[in-house]
Amino acid sequence: MVLQNGNNERHRTSLLGLGVALAAVPFLLLLAGVRYDWWQYPKPAVVIVEPATVGLAILGLATVGVVWAFRSFGYWKRERRLPWGAGLAPLAVAATALIFVLVPTPAVRGFDQAHYEMERLATSMLRDHTQRVGPTEIDGIEFSSVYIEEDNCVYFVDSKRSALTKIGWVYTADCNHSPAWFGRLDKVADNWYSFEQGT
């Protein structure tokens, strides 16, 4: 009878490990939805709703992590080993992180597809001394504006991703850009950087 109760306890603990892993899934899906633009927020609401969604997902994952650690430690203290289900939650989080690293976002895929046409527009604006174009769309990417600053860089502001900050790409073939002007500046191709800049 004691053996049967012990087996039942192990079975329940393993199922609890599975339950904790399943509890993490909705929060991982929330993060994936934000990262991969699975839904579009109304423009004024995006400033509040998108960060709130990310915050909720991180808080949820933190809570799941605390529950996982508490239950795993309790089982380890009793049995000096972990149940098979204890590895499912960390595995789900690690798999999601790997997907985030390996699968490019829609913005990255869009830039890869559109940047040759973007470069044609940038060089024509520089040649013709056109200071500003927009709103415009290039190969499915909507830009709220395309403009040349005093530094002679051509800025493409992504209208879907810009809310409190300007986010997009900058063409730098004929300009002297200063990284200090940007909150984030990452090279994505020859003469191209993705940028984020406060308004």
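The values are calculated or read from the model by the stated rules, or taken from the named source; none is laboratory data. None of these values were measured; they are calculated from a predicted model. Here the Cβ is made from the backbone with ideal geometry for all residues, glycine too, and neighbour counts use every protein chain on show. Just so you know, the surface numbers come from the protein's heavy atoms only, side chains and all, with ligands and any DNA or RNA stripped out. Shrake-Rupley method; radii C 1.70, N 1.55, O 1.52, S 1.80 Å.
Just a yes or no: is a residue in the stretch 104-111 hydrophobic (A, V, I, L, M, F, W, C), open to solvent by 80 Å² or more (accessible area, probe 1.4 Å) and either within 15 Å of the chain's Cα centre (by Cα) or more than 22 Å from residue 195 (Cβ to Cβ) (or both)? No, the stretch 104-111 has no match at all. If we scan the stretch 123-131, do we find a residue that is of a type in the set (Ser, Thr, Tyr), under 29 Å from residue 34 (Cβ atoms) and free of Cβ contacts under 8 Å to residues at least 24 places away in the same chain? No, there is no match, as no residue in the stretch 123-131 is of a type in the set (Ser, Thr, Tyr), under 29 Å from residue 34 (Cβ atoms) and free of Cβ contacts under 8 Å to residues at least 24 places away in the same chain.
For the stretch 54-74, the count of residues that are of a type in the set (A, V, I, L, M, F, W, C), within 24 Å of residue 24 (Cβ to Cβ), open to solvent by less than 50 Å² (accessible area, probe 1.4 Å) and touching a Ser or Thr at 6+ places or on another chain (Cβ under 9 Å) is zero. Residues of the stretch 184-199 that are closer than 16 Å to residue 151 by Cβ and either modelled with pLDDT under 70 or assigned to a loop (DSSP other than H, G, I, E, B) (or both): 191 alone.
Annotation: residue 94 fulfils all but one of (1) buried (at least 18 other Cβ atoms within 10 Å of the Cβ); (2) farther than 23 Å from residue 194 by Cβ; (3) of a type in the set (Gly, Ala, Ser); the unmet one is (1).
Taken over the stretch 75-87, residues that are assigned to a helix (DSSP H, G or I) and open to solvent by 50 Å² or more (accessible area, probe 1.4 Å) amount to 5.
Taking every residue in the stretch 85-109 that is without any contact (Cβ under 8 Å) to a residue 40 or more places away in the chain and pairing it with any residue that is open to solvent by less than 70 Å² (accessible area, probe 1.4 Å) and aromatic (Phe, Trp, Tyr), at least 6 positions away or on another chain, yields no pair with a Cβ-Cβ distance below 9 Å.
Which count do you get for residues in the stretch 119-142 that are surrounded by 11 or more Cβ atoms within 10 Å (Cβ to Cβ) and either closer than 21 Å to residue 190 by Cα or charged (D, E, K, R) (or both)? So the count comes out to 13.
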